[in-house]
Amino acid sequence: MFISQNFEMDSFSQNPEFTIHSFFTFLDTTIMAVEFEGGVVIGADSRTTTGAYIANRVTDKLTPIHERIFCCRSGSAADTQAIADAVTYQLGFHSIELDEAPLVQTAASLFREMCYRYREELMAGIIVAGWDPRRGGQVYTVPVGGMMTRQPVSVGGSGSSYIYGYVDSNYRAGMSKEECLKFTAEALTLAMERDGSSGGVVRLAVISEQGVERQVILGNQLPKFSTV
Amino acid sequence: MSEELFPEPEWLSEEVKTGTTIIAVTFDGGVVLGSDSRVSAGESVVNRVMNKLSPLHDKIYCALSGSAADAQTIAEIVNYQLDVHIGHSEDDPLVCSAATLVKNISYKYKEELSAHLIVAGWDRKKGGQVYATLNGLLSRQPFAIGGSGSFYINGFVDAEYRKNMTKRESQEFVVNALTLAMGRDGSSGGVAYVVTIDKDGAEEKCVLGNELPKFFDE
């Protein structure tokens with residue numbers, strides 16, 4: 001994600017071939033979330049850029065919204081932090097009123113409400129993932145523009161374009177937790193290798209009934225691919 | 001008033017591009033080239049069965065991407081120049097020669113042209129070779145991908161490519177890569193054309209839509 005950068009949106013109208021690419025280059029990041037039986041695995045890179053300067057090379061883009069609900073942030077750092085704070089507050093209040101753990105879908109809906117209402121002003125692509133007792137592990141994606149949809153696996157950010165092919169070919173339903181962790185780490189590594197706006201370390205988290213387990217894979221421990 | 005009711009279809013004014021996926025891979029003994037078949041003008045598909053793998057010589061093919069007109073013209077010119085270069089000699093041209101001719105045109109006219117050709121083939125000297133000529137550079141690579149759809153399969157090809165694959169494995173690799181890219185890129189689609197070149201010559205194949213491999217979300 002980038003910090004308070006003025007960008008020109010009129011590149012959209014000029015050259016059809018490049019519209020997709022300029023759109024994605026502002027969502028600097030690679031984020032990913034995968035559902036498995038009993039929970040979700042989420043992951044992100046750790047780079048925040050202001051133009052070509054890496055403002056933070058160890059960013060934590062996996063933000064807790066509630067005990068077992070996290071969001072992965074991509075797009076403008078300021079916008080996503082503000083939205084996440086607002087949703088954390090709203091969800092906390094809702095949870096106290098209900099006197100039970102909130103649903104992941106509720107958190108996703110709150111994100112969607114805000115992202116859609118203020119879509120002209122915001123630049124935020126968010127993946128909401130977590131576990132609740134009613135529906136187990138769930139991943140909801142709320143991309144720029146404010147739509148919301150549930151998907152078994154979701155990727156986001158500028159680096160995500162490079163790994164659609166990899167994710168489509170390697171995802172299988174019914175993977176175990178370890179397989180999901182490996183899948184996520186490998187996909188993020190491939191994206192970080194190709195996308196200039198993604199890099200640093202890979203941050204992973206597993207959310208399940210037991211709680212949240214976080215891990216970090218450092219640069220030299222990332223999986224290696226045999227590209228000659 | 002009538003112009004607003006029936007606006008001119010955009011495909012009349014939009015530039016025709018082969019927003020595309022192209023790929024070429026070396027294997028032990030030759031190369032495999034692959035492409036999709038969609039040609040778009042803005043949002044219209046003006047040709048859904050275009051073969052973007054164009055022969056430059058018996059055992060040298062190039063894969064076209066970018067502006068359809070520019071790419072086709074470069075291929076035609078290089079076809080001619082290669083014949084001149086061979087003259088009356090009986091030897092087959094080197095892949096490197098064909099790639100250099102493409103590169104020369106791409107570089108000299110880089111401001112006016114917007115096409116990227118991948119040149120691949122087999123010759124007696126160095127066997128199977130793949131050259132990328134994007135923007136006027138010349139780079140020999142074990143494999144190369146190009147076109148708008150190629151962005152989506154960067155991760156896939158990085159992870160799945162292995163040196164010294166067999167001919168069969170390379171063909172499967174190319175078809176899988178094309179299918180994944182066509183699944184995600186709106187400007188790529190249709191059928192997959194695959195050309196395999198080895199010392200015995202070039203073999204062209206077309207994999208129809210319903211024969212393409214299926215991935216988890218289908």
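The values are calculated or read from the model by the stated rules, or taken from the named source; none is laboratory data. None of these values were measured; they are calculated from a predicted model. Positions of Cβ are backbone-derived with ideal geometry, glycine not excepted, and every protein chain shown enters the neighbour counts.
Observations on the model:
- Listing of strands (runs of 3 or more DSSP E) fully contained in the range B:37-80 that carry 1 or more residues being crowded, with 20+ Cβ neighbours inside 10 Å and out of contact with any Cys (no Cβ under 6 Å at 6 or more places or on another chain): B:39-41, B:53-57, B:60-67
- Verdict on B:Tyr193 being at pLDDT below 95 and of a type in the set (Phe, Trp, Tyr): no
- Residue, surrounded by the most Cβ atoms within 10 Å (Cβ to Cβ), within the range B:139-157, restricted to residues that are closer than 24 Å to A:Leu188 by Cβ and hydrophobic (A, V, I, L, M, F, W, C): B:Ile153
- Residue pairs meeting the criteria (Cβ under 7 Å; at least 6 apart or on separate chains; first of a type outside the set (Lys, Arg) and modelled with pLDDT under 90, in the range B:200-218; second in a strand (DSSP E or B) and loosely packed, with under 13 Cβ neighbours inside 10 Å): none
- Qualifying residue in the range A:192-211 (condition: assigned to a helix (DSSP H, G or I), buried (at least 22 other Cβ atoms within 10 Å of the Cβ) and in contact (Cβ under 8 Å) with a residue 24 or more places away in the chain): yes
- Residue that is surrounded by the most Cβ atoms within 10 Å (Cβ to Cβ), among those in the range B:158-175 that are at pLDDT 95 or above and within 12 Å of chain A (Cβ to nearest Cβ): B:Phe173
- Scanning the range B:193-218 for residues that are within 14 Å of another protein chain (Cβ to nearest Cβ) and closer than 17 Å to B:Val49 by Cα gives a single hit, B:Leu212.
Results for (1) more than 14 Å from chain A (Cβ to nearest Cβ); (2) out of contact with any His (no Cβ under 8 Å at 6 or more places or on another chain); (3) at pLDDT 90 or above, shown as yes or no for each residue.
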site: B:Ser2; (1), (2), (3): yes, yes, no
site: B:Glu8; (1), (2), (3): yes, yes, no
site: B:Ala24; (1), (2), (3): yes, yes, yes
site: B:Phe27; (1), (2), (3): no, yes, yes
site: B:Leu33; (1), (2), (3): yes, yes, yes
site: B:Ser37; (1), (2), (3): yes, yes, yes
site: B:Glu43; (1), (2), (3): no, yes, no
site: B:Ile60; (1), (2), (3): yes, yes, yes
site: B:Ala63; (1), (2), (3): yes, yes, yes
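- Counted residues, the range A:148-166 - those being in contact with an Asp or Glu (Cβ under 8 Å, 6 or more places away or on another chain) and part of a strand (DSSP E or B): 1
- In the range A:24-52, the residues that are within 12 Å of chain B (Cβ to nearest Cβ), touching a helix residue (DSSP H, G or I) at 6+ places or on another chain (Cβ under 9 Å) and at pLDDT below 50: A:Phe24
- The residues on offer are A:Gln105, A:Gln90, and the sole one that is closer than 15 Å to A:Ile207 by Cβ, modelled with pLDDT of 95 or more and of a type outside the set (Val, Ile, Thr) is A:Gln105.
- Checked against the criterion of being of a type in the set (Gly, Ala, Ser) and closer than 27 Å to A:Lys182 by Cα, the candidates A:Gly145, A:Gly92, A:Gly165 yield just one match: A:Gly165.
- Residues of the range A:126-162 satisfying the condition of being surrounded by fewer than 21 Cβ atoms within 10 Å (Cβ to Cβ) and within 14 Å of another protein chain (Cβ to nearest Cβ): A:Thr149, A:Arg150, A:Gln151, A:Pro152
- Within the span defined as the range A:166-186, every residue fails to be surrounded by 20 or more Cβ atoms within 10 Å (Cβ to Cβ), away from chain B (no Cβ under 13 Å), touching a Leu at 6+ places or on another chain (Cβ under 9 Å) and among the polar types (S, T, N, Q).
- Residues of the range B:123-177 classified as of a type in the set (S, T, N, Q) and free of Cβ contacts under 8 Å to residues at least 40 places away in the same chain, total: 6
- All positions within the range B:180-209 that are of a type in the set (Asp, Glu) and over 15 Å from the mean Cα position of the chain (by Cα): B:Asp185, B:Asp198, B:Asp200, B:Glu203
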